Amino acid sequence: MIAHLNKAMLIIALLLPATAATAQLAPDEAARYRLVEAQQTLSQLEGTLSQPIGSSEIDRFWQQVNRLRKEAMLCVEENASFQERINGELALLGEAVEGEGKAIALARKTLERDRQAVEQRLAGCRFVLLKSEAVQEQLEKQRAEQQARTLLSRSPDLSALYTAAETRKPWYRWFVSLLTWDGYGWTHIHSQGLVTLGVLLLFALGTARVIGKRASLYIARHPAPEGTVAGDALAFVCAVRRYRYALMITAFWTLFWAYIAWKVGTLLPLAVIGFYLLSFYLFLTATRTFINPIPPAAHHLPFTEAATRRLGRVMALWGGVACAGGIMSLLPAFANLGDFQEALLRFIFVLIYVVVLIALVWSLSSISDRYALRSARFAITLVLLATLLAEAMGYRNLSIYLTVAITQSFLLLLLGWLVSRLAVDFYDSLDEGRYPWQQKLRALTGLSPTEHVPGLLWMRLLTTILIWGGSPLHCSGYGRCPTRNESSCSPT
């Protein structure tokens, strides 16, 4: 009797997984319909991609195909796990033998039927996955071809625009249109709004005055701090004290006009101008903090003081030119600029920006004795001169692409250098026990004052890999060319 009971329990144990699998793998018409619909959608997209399409359609199709690809990957993972479980249950049941019980035979038959259904569904999901990857490759090809056409599209150059009939009109007409443009929305500003702006600016001046007093007290208490972080803190306080009025005025100006633009829907250019100026003074603050500190903050970079001072001045000039270019980009929105006037202003800006960027590259390479940096400046200079030539010849999308790519690469390099420098100073102070909390930590771990922290070398190596290998040093993002009636050019 005990033997029969054990056999019955074994049959029940084998039937329960089969029943559960059968319940989960029951024919799902909705899932099968979605799979067929995904295959049809991908087939239609393949037919559509046989002809060139627009950039907006490429982005829309990419999102759609990416969603189908994620669903197919999830379907493959789920059905693969079901397949493994069914194969395991069939292995427990073993091969069919004569005289076995009907319950075991029924469980084996159900599992084989479910395995066949899972294999069919898995094949369909893998087909959708492969087809979605093929469609994504076609979309990438279309995107690359479209970007190549956009970058190499040529607009009329300055000489052609100058000989056009439109340039015969007075040159000062755009300035008159700038003053008489009726799109500013001045009618929405009443005396109460102007009074509010005046009160905010007075409050900004008072706040700047308080900040100056607090900064002076901090400088008096920390005349000569030890360590890079403490030195950067003192340099930051000195920089904030130097630019406190400009920072506060531009900040409150930007907030006021942004609120007005949000309420009435106009006057947004005034908020944008304030934002550009605020960004410029924040950039100046960062430059005078890390590159060229203001006395009494001391110079603590591993380069000569004259070289870093020259680099800081060139960076400040570069930030000013970039700010002026951002403000100048607003002119076509509310000034009646002709094609020649707009192209001329753009060429003048690109000329000044390229010259300043070349000076920045040479200043940056001159502070180091590494041969690689000194050799790279010649290549970067040639690329920037080619950018200027492309702008003069009418290849405006190509010029803005190269300019933005070099600028973004420089900013990423500067940010990576700053973060790595702070990390090196942190590990050095931890190894030396420079601060009280670090001395307490060393005492708790039983380290003597002259003993190095174990494993710190690997932490330095890991941090360096995360900084320079985790974030790719290439330009990314989308940027619209500042010319009218042209496609967007985006370094990707």
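Some observations on this one:
- The stretch 297-307 - residue that is among the aliphatic types (A, V, I, L, M) and assigned to a helix (DSSP H, G or I) and, of those, farthest from residue 404 (Cα to Cα): 306
- Any hit, the stretch 228-251, residues being surrounded by fewer than 17 Cβ atoms within 10 Å (Cβ to Cβ), at positive phi and touching a residue at least 60 places away in the same chain (Cβ under 8 Å): no
- Scanning the stretch 145-155 for residues that are buried (at least 17 other Cβ atoms within 10 Å of the Cβ), outside any helix (DSSP H, G or I) and modelled with pLDDT under 85 turns up at least one hit.
- Scanning the stretch 401-420 for residues that are of a type in the set (Phe, Trp, Tyr) and touching a Cys at 6+ places or on another chain (Cβ under 8 Å) turns up at least one hit.
- Residue in the stretch 55-76 that is under 29 Å from residue 150 (Cβ atoms) and at pLDDT below 80 present: yes
Listed here are the residues, each with its yes/no results for (1) closer than 30 Å to residue 144 by Cβ; (2) modelled with pLDDT of 75 or more; (3) exposed (fewer than 11 other Cβ atoms within 10 Å of the Cβ).
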{"position": "21", "(1), (2), (3)": "no, no, no"}
{"position": "43", "(1), (2), (3)": "yes, yes, no"}
{"position": "78", "(1), (2), (3)": "no, yes, no"}
{"position": "89", "(1), (2), (3)": "no, yes, no"}
{"position": "92", "(1), (2), (3)": "no, yes, no"}
{"position": "100", "(1), (2), (3)": "no, no, no"}
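- Selection count, the stretch 40-93, where residues are part of a helix (DSSP H, G or I), of a type in the set (Val, Ile, Thr), touching a residue at least 40 places away in the same chain (Cβ under 8 Å) and under 15 Å from residue 141 (Cα atoms): 2
- Residue in the stretch 231-244 that is closer than 30 Å to residue 435 by Cβ, modelled with pLDDT under 90 and in contact with a Leu (Cβ under 9 Å, 6 or more places away or on another chain) present: yes
- Test result for residue 126, at pLDDT 75 or above, part of a helix (DSSP H, G or I) and under 26 Å from residue 36 (Cβ atoms): yes
- Looking across the stretch 426-445 at every residue that is at pLDDT 75 or above and charged (D, E, K, R), the one that is nearest to residue 463 (Cα to Cα) is identified as 428.
- The set of residues in the stretch 397-423 that are closer than 17 Å to residue 231 by Cβ, in contact with a Ser or Thr (Cβ under 9 Å, 6 or more places away or on another chain) and free of Cβ contacts under 8 Å to residues at least 40 places away in the same chain is empty.
- Qualifying residue in the stretch 286-296 (condition: farther than 30 Å from residue 156 by Cβ, in contact with a Gly (Cβ under 6 Å, 6 or more places away or on another chain) and assigned to a helix (DSSP H, G or I)): yes
- Qualifying residue in the stretch 355-374 (condition: surrounded by 17 or more Cβ atoms within 10 Å (Cβ to Cβ), under 22 Å from residue 343 (Cβ atoms) and in contact (Cβ under 8 Å) with a residue 40 or more places away in the chain): yes
- Taken together, 259, 276 contain a single residue that is of a type outside the set (A, V, I, L, M, F, W, C), at pLDDT 80 or above, under 28 Å from the mean Cα position of the chain (by Cα) and surrounded by 17 or more Cβ atoms within 10 Å (Cβ to Cβ), which is 276.
- Of the set (1) part of a helix (DSSP H, G or I); (2) modelled with pLDDT under 85; (3) out of contact with any helix residue (DSSP H, G or I) (no Cβ under 7 Å at 6 or more places or on another chain), all apply to residue 269 but (3).
The values are calculated or read from the model by the stated rules, or taken from the named source; none is laboratory data. These numbers were taken from a predicted model, which means no experiment stands behind them. Positions of Cβ are generated from backbone atoms using ideal geometry, with glycine treated the same way; all protein chains shown enter the neighbour counts.
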